Structures are given as C-alpha cells and as structure tokens.
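Asks: Mind looking over this structure? Questions follow.
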Amino acid sequence: MRLPKPLLDILARRLVQSLTEAGVLSSEHPERTREKVARLLEADLAVEDALTEEARLLLVRHHAALKDSEAEMHRLLARMKGELAARRGYVLSTGPERLSREKILDLVRQTVALFLADPDVEYFVPQEDLRSAVQRAFEREVARDEARRAKAREKVLKIRRGIPEGSGEFEALFQQFYRELLEKEG
C-alpha cells in the first residue's frame, strides 16, 4: 500500500472530526462515516498497488530479454504503470508513502461524493464549500504527516553513530520511528 494503514485511519478520523467541528457536516454515526472514509482511501490506494503489480508482471512477461540494469527496469515499470493508470482514468501518487496534489484532489472528489451519497451524513454548506473544506482538511493532514516524517528523520539523524542517510539501517530506523509516531496519534 502506498500509505500505512494507521495513517489512513488517522486521516479518516481527523477529516470527519474537523469537518464536524467546523460545522460543515454532521453524521448520525460518525464512527461508521470514519470507517467508510478509511475504506475509500484504502480501496483507492490498493488500486495503485494492483497497477504496480500488473505493470511489473507485464514487463516480466513481455521483456524477459531485458536483463539490463535495475534502473532501466524501474523506468520501464513507472512508464508502464503510468500508461495503465491513464487508460483506466486513475490518478497516481508521486511516490511511496506520498500523495501528489493531483492525488489529493482526486481523493477529495471521491470523499465528497461519498459524503453526498451517505444517508448518515448531512452537510450544511453548498457542495463547492464542502469540497473546499474537505480539501483543506486533507491538506492539513498531509502537512501533519510531513511533520511526522521530518521528526522521525531528525530522530534517526540524532543517533550518535552517524547512520548514513539512504542506507538500509537509516530506512529501517526511520520507518520504526515513523510508525511509533503514528501509533501515538492513532
């Protein structure tokens, strides 16, 4: 998955909570609404994982003769994945555990559609204002996640041994500290 599950749960919870507190919407069953948003995010991002796997399998099947560098295979995989996504009208993220602006806007569109179709949700603003409020809430949560990542990175850099950035050990420790920060908030 492109984003860790605990982050999806935090995003969904804070999104529904901030919109409710701002008086933009209310839900008869806020926990159920949060779960629907989390499932929507998870399902959408699972599509990207499936596209990655499909592109990888296509490349392996049709380009078995390609035994060049891994960098070449990586570029071909990205291009194949982009073509598959374009054919299906799917908006890709920018990278692992990152959401592009286009992806955020796509998720905002899907989330607003979910709220509009959900009989448990009542909204108190025009649809365009609802979309803007959902977008601002998403962007706030993405910024919070960037701060979490910066904090985890800083924590690894403060280790006295001077672990080189980009090394396997650095990445493992970064992921461990990042997950701990997510669990604290979850």
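The values are calculated or read from the model by the stated rules, or taken from the named source; none is laboratory data. None of the values given here were measured: they were computed from a predicted structure. Heads up, the Cβs are rebuilt from the backbone with ideal geometry, glycines too, and the neighbour counts pull from every protein chain shown. Just so you know, the surface numbers come from the protein's heavy atoms only, side chains and all, with ligands and any DNA or RNA stripped out. Shrake-Rupley method; radii C 1.70, N 1.55, O 1.52, S 1.80 Å.
Asks: Connecting C-alpha atoms closer than 10 Å in a GNM of the chain, tell me which of LYS155, LYS81, LYS36 has the biggest fluctuation.
Replies: Judging by the Gaussian network model, the answer is LYS155.
Asks: If I fit a long axis through the Cα atoms of helix 30-62 and take the longest principal axis of the Cα atoms of the chain, what angle between them do I get, 0 to 90°, rounded to 10?
Replies: Between the helix axis and the principal axis of the chain, the angle is about 20 degrees.
Asks: At 1.567 mPa s and 4 °C, plugging the Kirkwood radius over alpha-carbon pairs of the chain into Stokes-Einstein gives what diffusion coefficient in µm²/s?
Replies: The calculation lands on 70 µm²/s.
Asks: Using a 1.4 Å probe on the protein heavy atoms, what percent of the accessible area of the chain belongs to carbon and sulfur?
Replies: Working: 5780 of 10730 Å².
Answer for the chain: carbon and sulfur cover 54 percent of the accessible area.
Asks: Where nothing but the Cβ of Lys and Arg (+1) and of Asp and Glu (-1) is charged, how large is the charge dipole of the chain around its Cα centre, in debye to the nearest 20?
Replies: With only Lys, Arg, Asp and Glu charged at Cβ, the dipole is about 600 debye.
Asks: Take the alpha carbon atoms of the stretch 1-52, find their center, do the same for the stretch 86-136, and report the distance between the two centers in whole angstrom.
Replies: 10 Å
Asks: Among LYS103/LYS184; LYS151/LYS184; LYS5/LYS103; LYS36/LYS81; LYS5/LYS184, which pairs are too far apart, with a Cα-Cα distance over 20 Å?
Replies: In this structure, LYS103/LYS184; LYS36/LYS81 lie more than 20 Å apart at Cα.
Asks: So for the stretch 1-56, averaging the separation of alpha carbon pairs under 8 Å that are six or more residues apart and normalising by length, what relative contact order in percent results?
Replies: Contact order relative to length: 50 percent.
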